[in-house]
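To keep things clear, I will list the structure first and then write my remarks on it.
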Amino acid sequence: MSESTTTAFEPRIVAFFCNWCTYTAADLAGVSRMKYAPNIRVIRLMCSGRLDPQFVMAAFAKGADGVLIGGCHPGDCHYVEGNYKTLRRVTLLKRMLTELGIEPQRFRLEWISASEGDKVQRVVNEMVEQIRALGPLDLPGKHRNWDKEMEELETHVNHSQKEIPAHAH
Amino acid sequence: MSKRIGVYVCHCGTNIASTVDVKAVAEYAATLPGVVLARDYKYMCSDPGQALIQQDIKEHKLDRVIVAACSPLLHEHTFRNATKQGGINEFFFQMVNIREHDAWVHTDRAKATEKAKDLIRAAVYRVPYHKPLEKKSVSIKPDVLVVGGGIAGIHAALTLANAGKKVYLVEREPTIGGHMAKFDKTFPTLDCAACILTPKMTTVKTHPNITLWTYTDVVKVDGFVGNYKVTVRRNPRYVIEDLCVGCSECVAACVFKEPKFPDKFNLGLGKRKPIYLPFPQATPLVAVIDPETCIQLKTGKCKKTCVEACGDRQAIDFTQKPEIKEIEVGTIILATGFKIFDAKRIPYYGYGAYDGVYTALEIERLVNASGPTGGELVLRNGQKPRSVAIIHCVGSRDENTNKYCSRVCCMYSLKLAHLIKERTGAEVYNFYIDMRTPGKGFEEFYSKVSGEGVNMIRGKVADVFLENPTDKNGRLIVQAEDTLLNIIRKVPVDMVVLAVGLEAHADANEVRRLFNISCSTEGWFLERHPKLAPVNTFTDGIFLAGCCQGPKDIPDTVAQAGAAAAEALALIDNGSVELEPNTAFVVEEECSGCKTCIPMCPYNAISRNEEKKVAVINEALCKGCGTCVAACPSGAIKQNLFEDDEIFEEINGVLAHV
């Protein structure tokens with residue numbers, strides 16, 4: 001057992017796995033002792049269809065460097081078609097996140113069946129490497145900076161407003 | 001929201017403790033908001049571990065319990081029960097997976113410990129939002145559906161029927177019996193397959209508790225554990241089952257004087273007429289008409305000598321149509337079996353190209369007294385083989401085809417070696433990679449067959465080619481490296497037998513989708529737990545038996561079929577089953593009645609109350625996926641156990657670094 005000594009950037013990834021396929025696949029990876037990067041924190045949902053886009057936004061807002069969604073393969077959903085609903089939402093959400101400056105590599109949807117423990121291993125490792133290369137997202141830090149900018153802007157606006165005569169409104 | 005939380009960190013012996021610093025994790029957990037006590041313990045799932053929780057709930061007035069241990073799929077039930085025994089609602093419990101998702105997949109102790117802390121923090125943030133819930137109980141319909149009429153399905157159906165349960169046994173072929181009905185003898189005892197199987201087949205047919213539907217496909221499965229609605233299609237056999245007595249007079253009278261068409265039961269080695277009985281002990285013993293070859297069904301212009309021969313019995317009905325039937329069952333056993341590996345996928349073994357190359361199943365038919373040659377083992381040219389090579393591991397243990405071992409081929413190859421030698425006196429060569437004979441009496445059987453003078457050559461066969469390239473009917477050369485003698489061997493033989501492996505059915509994927517279960521990457525149906533729930537699936541009330549779950553021999557298949565029947569019986573005799581209360585509900589005051597949720601539900605559980613102009617969820621139909629919850633634009637739908645607050649807090653918790 002090696003102890004980590006470096007303080008290099010370690011991506012923090014929040015994952016939402018469906019109970020029936022991907023969560024079980026992650027269990028299988030465990031039982032099979034497949035080793036992967038320890039940067040992922042799994043939150044279990046019954047179905048990937050439960051994924052509210054706000055969960056993804058919240059994860060990024062609270063400091064996640066990446067978000068991974070895991071669901072059953074198309075046609076295999078335990079709840080018939082929940083994963084199709086997820087796909088729809090994720091497609092839209094991805095577009096929006098890109099607009100917000102969040103790189104597409106930080107948000108990933110993967111179909112991982114209960115027998116694909118090795119896919120969990122591969123996807124997690126890949127994602128960690130990609131995000132490590134991108135560096136921290138640090139949305140909370142950015143928010144603080146934006147808030148500061150806004151404050152400054154506000155003071156500036158308020159200041160200049162004082163100089164405008166009242167009848168100009 | 002201030003709660004009294006107890007956190008328990010399990011060592012799982014050394015499984016968790018060797019990678020996660022459980023003491024440090026417990027100490028850290030004790031500092032988190034609301035945590036009254038945090039302990040680490042060697043085995044939380046043990047009786048003393050559970051007693052610890054119960055005692056603490058009472059002594060420290062805990063109202064929330066968190067156990068960080070293995071996967072919730074394994075022990076959530078155990079700890080919920082312990083929480084309940086302690087005197088508080090079982091859903092005030094939350095499980096954290098630090099074994100499968102942490103200790104077992106990471107090597108860096110510091111990082112694994114950090115991860116365990118994060119995951120526990122998420123649970124600590126989450127549990128204050130937990131609400132007391134009650135499990136809902138649904139009744140179990142006592143009838144059972146068994147899909148597949150091989151030895152697995154037969155044994156499961158008989159076990160259940162003998163216990164007094166009503167069983168529907170559905171088989172897509174015209175007869176039950178499956179692969180076992182095609183075998184001649186069975187290893188290692190060499191009992192005749194038909195002698196031990198056909199009495200069971202007859203019992204199935206006559207059993208008052210079994211409804212046997214052959215030539216029948218399952219087309220639709222609705223519902224959930226205890227309450228499945230299954231639609232089946234009974235395909236037309238153009239012979240009325242209740243009127244046919246199986247006398248075969250129609251077959252004899254058919255306008256085709258000689259059998260002309262490949263006989264499917266005999267794998268095309270024999271011929272059959274358009275009207276036929278699959279084999280002499282077919283169950284039900286009812287004739288079938290093949291619409292592809294019957295002149296009457298194809299053109300409507302036949303003398304119908306079969307109808308004439310049937311006479312007053314009037315069993316033949318050319319107007320028969322597929323018949324759709326709906327049944328209601330509480331449990332389902334899948335015993336859909338396997339298919340043999342297609343030997344043409346390995347072209348250098350010459351199957352389909354050279355006349356002397358056979359699959360092992362074809363040899364089973366050739367040595368079988370009811371087979372196309374009446375049990376006489378002859379080549380396609382009618383001659384007895386004087387030398388035979390049996391090639392093991394065809395389509396098994398091979399990177400290019402199937403990586404897995406098919407488990408039965410070594411044993412059936414030895415059996416065939418014995419039978420071929422016994423029937424023909426031929427020189428027999430077994431080419432094997434490893435001789436795998438684990439099982440009761442198996443190794444002894446290997447010794448016996450070796451002692452009979454069968455040649456055992458350790459080496460994977462590289463090539464099978466014609467001795468005389470112009471005579472594709474002629475002798476064959478089998479080439480392999482004998483890895484014990486370290487020489488290349490070229491053995492001339494009259495007959496090559498390919499010990500083909502077992503594969504999942506080509507339509508395994510459609511079948512499992514129909515029943516909403518999972519498959520392994522090879523197509524075998526996936527059991528709930530490889531060791532502790534080997535016949536259960538991830539869908540409650542659906543069980544597995546036999547080779548549809550993976551290759552296995554007859555003893556294992558029968559044992560598994562018995563286990564599946566016992567699991568079904570356990571549900572039925574309990575009369576009811578408790579379901580997770582993870583259903584969704586509508587908060588009426590917040591619902592705008594926009595109807596976004598209605599098309600989201602795959603179970604049609606959501607409707608709109610037109611009077612109140614709000615959505616209503618039928619709890620009995622809701623299966624708790626939460627898709628509607630995520631879709632509701634006003635946040636008016638909530639899912640028990642997975643409420644927004646609970647998940648948002650989990651997100652906060654997991655990311656709240658100190």
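What to note about this one:
- A P(r) calculated from all alpha carbon pairs of the protein assembly as shown, with 20 Å bins opening at zero, reads 13, 37, 31, 15, 2, 1 percent.
- Solvent-accessible area assigned to carbon and sulfur over chain A amounts to 56 percent, based on a 1.4 Å probe.
- Computed [θ] at 222 nm, helices only, for the protein assembly as shown once each DSSP H run of length n ≥ 4 contributes -39500 (n - 2.57): -9500 deg cm²/dmol
- Solvent-accessible surface (1.4 angstrom probe) belonging to A:Trp111, in square angstrom, nearest 10: 50
- Buried surface between chains A and B: roughly 4900 Å² of accessible area, summed over both sides, computed with a 1.4 Å probe on protein heavy atoms only.
- Derived scalar couplings between HN and Hα for the stretch B:420-431 equal 5, 4, 5, 7, 10, x, 5, 6, 10, 10, 9, 9 Hz in order, rounded to whole Hz, by the Karplus curve 6.51 cos²θ - 1.76 cosθ + 1.60 (θ = phi - 60°), x for Gly and Pro.
- Two-site FRET efficiency, A:Lys142 against B:Cys594, from Cβ-Cβ distance with R₀ of 41 Å, rounded to 0.05: 0.75
- Computed lengthening from B:Asp463 to B:His529, 0.36 nm per intervening residue step minus Cα-Cα distance: 19.7 nm
- With both labels modelled 7 Å from their Cα along Cα-to-Cβ, the B:Glu610 to A:Gln105 distance reads 5.6 nm.
- Those lysines that a straight Cα-Cα span of less than 22 Å connects to B:Lys115, excepting residues fewer than 8 apart in one chain: A:Lys35, A:Lys62, A:Lys119, B:Lys23, B:Lys42
- Overall form of the stretch B:57-173 per C-alpha gyration tensor (a/c, 1.5; a/b vs b/c): oblate
- Across the stretch B:363-505, the convex hull enclosing all Cα atoms gives 136 Å³ per residue.
- Amide H partners (placed H, <5 Å) of B:Arg489, local residues excluded: B:Ala480, B:Glu481, B:Asp482
- Fraction of accessible area attributable to carbon and sulfur, chain B (%, probe 1.4 Å): 51
- Coordinate range along principal axes, alpha carbons of the stretch A:1-87, Å, largest first: 46, 34, 15
- Compared with the rule-of-thumb size 2.2 N^0.38 Å for a compact globular protein, the stretch A:9-160 has a Cα radius of gyration ratio of 1.18.
- Relative intensity, log₁₀ I(q)/I(0), of the stretch B:16-106 from a Debye sum that treats every alpha carbon as a point, q = 0.10, 0.11, 0.14 Å⁻¹: -0.23, -0.28, -0.46
- Enclosed volume per residue, in Å³, of the convex hull spanned by Cα atoms of the stretch B:541-658: 184
- Net length gained if the chain between B:Ile477 and B:Val245 were fully extended (0.36 nm per residue, minus Cα distance): 78.6 nm
- Of B:Leu485, B:Leu267, B:Leu655, the residue with the largest accessible area leads and the full order is B:Leu485, B:Leu267, B:Leu655 (1.4 Å probe).
- The stretch B:35-110: trypsin sites (Lys or Arg not before Pro) falling in loop per DSSP and having at most 15 other Cβ within 10 Å: B:Lys42, B:Lys61
- Amide hydrogen proximity for B:Arg272: with H placed 1.01 Å from N in the peptide plane, the residues at 5 or more positions away or on another chain lying under 5 Å are B:Lys260, B:Phe261, B:Asp263.
- The stretch B:438-512 and the stretch A:106-130: distance between their alpha carbon centers, rounded to Å: 40
- Estimated vicinal HN-Hα couplings, Hz - the stretch B:218-230 in sequence order (Karplus 6.51, -1.76, 1.60; Gly, Pro = x): 7, 10, 7, 10, 10, x, 8, 2, x, 9, 8, 10, 10
- The protein assembly as shown - accessible surface per residue (Å², probe 1.4 Å): 43
- Greater than 31 Å apart at Cα, pairs in B:Lys220/B:Lys257; B:Lys301/B:Lys344; B:Lys271/B:Lys490; B:Lys111/B:Lys136; B:Lys339/B:Lys421: B:Lys220/B:Lys257; B:Lys301/B:Lys344; B:Lys271/B:Lys490; B:Lys111/B:Lys136
- Sequence of B:Tyr41, B:Tyr429, B:Tyr8 from largest to smallest accessible area, 1.4 Å probe: B:Tyr41, B:Tyr429, B:Tyr8
- Only aspartates and glutamates eight or more places from B:Lys229 in sequence, or on another chain, were considered; those with a Cα closer than 13 Å are B:Asp143, B:Glu326, B:Glu328.
- Under the Debye formula (equal points on every Cα, no solvent term), log10 I(q)/I(0) of chain B at q = 0.06, 0.09, 0.12 Å⁻¹: -0.48, -0.92, -1.23
- Antiparallel content of DSSP bridges confined to chain B, in %, to 5: 50
- Each part gets one Cα centre, and for the stretch B:537-595 versus the stretch B:284-299 those centres are 39 Å apart.
- Cross-link reach list, lysines versus B:Lys200, counting only Cα pairs under 21 Å and skipping chain neighbours closer than eight places: B:Lys165, B:Lys166, B:Lys182, B:Lys185, B:Lys552
- Within 10 Å of the Cβ of each residue in B:522-531, the mean number of Cβ atoms contributed by other protein chains is 1.
- Cα centroid of the stretch A:1-78 to Cα centroid of the stretch B:395-415, whole Å: 37
- Sparsely packed GluC sites (Glu not before Pro) within the stretch B:293-399, loop by DSSP, other Cβ within 10 Å at most 11: B:Glu399
- Alpha carbon Rg of the stretch B:348-403, scaled by the compact-globule rule 2.2 N^0.38 Å: 1.29
The values are calculated or read from the model by the stated rules, or taken from the named source; none is laboratory data. No experiment lies behind these values; they were computed from the predicted model shown. Note that each Cβ is placed from the backbone with ideal geometry, even for glycine, and that neighbours are counted across all protein chains shown. Calculation scope for accessible area: heavy atoms of the full protein, side chains included, ligands and nucleic acids excluded. Shrake-Rupley method; radii C 1.70, N 1.55, O 1.52, S 1.80 Å.
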